[in-house]
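The values are calculated or read from the model by the stated rules, or taken from the named source; none is laboratory data. Please read these numbers as outputs of a predicted model, since none were measured by experiment. Cβ sites come from the backbone with ideal geometry, for glycine too, and all protein chains shown count toward neighbours.
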Amino acid sequence: MYCVIQELQLKRADTLGAYKDLMVETNPFNYTRTIPQYGYFECGERYKRPIKKAYKISIHESKRINGVVAKKQFVVTTINYYAFATDWFSLGEYYEKTSDIADKLNTDQDTIYKLIESKITPLAQRIRDEFMQSEEYIAIQRRKVLIDEHGKRKLLFAEKYNVPDSEYDYCFNVFGEMVNAEYYETIVGGEGIQGIFRQLQSL
């Protein structure tokens, strides 16, 4: 009993590359305030994914019965190259399939898992290593850093002025640019939460 991974050539490229742009937007559900609350979303053109490969994963068994080789083959699934590249593949999602194969081969599911993992692990690592050199991956990582820094600025703002961190979004955008200096001064000059209460009471 063994696992086989067959590389397939696809006719169409994966079209779900990461978006290239990050755009500032205002919260359309901000009904309780007269000032805009700023958020962000990914948009625009997507990164092209030129690699047209997929991998068919199957379990095989060969037995010699009365001098004749009898073969069995069970397909587990077929995985797109970029599912491995972006670490979306999870063998646990195929519990029923692997369990059914184990039953048909009179073995336990753990044996099937180990056979598949032994083949998939090096393949997935090689693909991820390749993807980490791509323009798309580098852009994704830069965006993660930007968003993480945004979150840190919000927490520091909340601690410094003793306000909910969401108040930062009324003063600055995801890029750290001030978008409402007047409200910012209301928070700073009004000693944080008291300034916010006064602003709300004036509505």
Members of the range 68-91 that are within 17 Å of Ile51 (Cα to Cα), of a type in the set (S, T, N, Q) and out of contact with any helix residue (DSSP H, G or I) (no Cβ under 8 Å at 6 or more places or on another chain):
Thr78, Asn80
In the range 45-65, is there at least one residue being touching a strand residue (DSSP E or B) at 6+ places or on another chain (Cβ under 7 Å), among the small types (Gly, Ala, Ser), within 30 Å of Met178 (Cβ to Cβ) and not assigned by TED's automatic domain parsing to the domain that holds Asp169?
no
With (1) touching a residue at least 24 places away in the same chain (Cβ under 8 Å); (2) surrounded by fewer than 13 Cβ atoms within 10 Å (Cβ to Cβ); (3) closer than 29 Å to Asp169 by Cα; (4) out of contact with any Phe, Trp or Tyr (no Cβ under 7 Å at 6 or more places or on another chain) as the list, and Gly39 as the residue in question, which single condition is left unmet?
(2)
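Do we find a residue being acidic (Asp, Glu), outside any loop (DSSP other than H, G, I, E, B) and outside the structural domain of Tyr168 (by TED's automatic domain parsing) anywhere in the range 97-106? Quick ask: steps written out before the conclusion?
Filtering the range 97-106 for residues acidic (Asp, Glu) gives 100, 103.
After this cut, where a residue has to be outside any loop (DSSP other than H, G, I, E, B) as well, the list is 100, 103.
Next, from what is left, pick out any that are outside the structural domain of Tyr168 (by TED's automatic domain parsing): 100, 103.
The answer is yes, given that some residue of the range 97-106 is acidic (Asp, Glu), outside any loop (DSSP other than H, G, I, E, B) and outside the structural domain of Tyr168 (by TED's automatic domain parsing).
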The condition from (1) touching a helix residue (DSSP H, G or I) at 6+ places or on another chain (Cβ under 7 Å); (2) of a type in the set (Phe, Trp, Tyr); (3) not in a loop (DSSP other than H, G, I, E, B) that Tyr94 misses is numbered (1)
Please specify each residue of the range 137-195 satisfying the condition of being part of a loop (DSSP other than H, G, I, E, B), at pLDDT 90 or above and of a type in the set (Asp, Glu).
Glu177
Checked Ile59, Ile65 against criteria (in contact (Cβ under 8 Å) with a residue 12 or more places away in the chain, over 26 Å from Arg12 (Cβ atoms) and not polar (S, T, N, Q)); the one match is Ile59
The one condition in (1) in a loop (DSSP other than H, G, I, E, B); (2) within 17 Å of the chain's Cα centre (by Cα); (3) not hydroxyl-bearing (Ser, Thr, Tyr) that Phe41 fails to fulfil
(1)
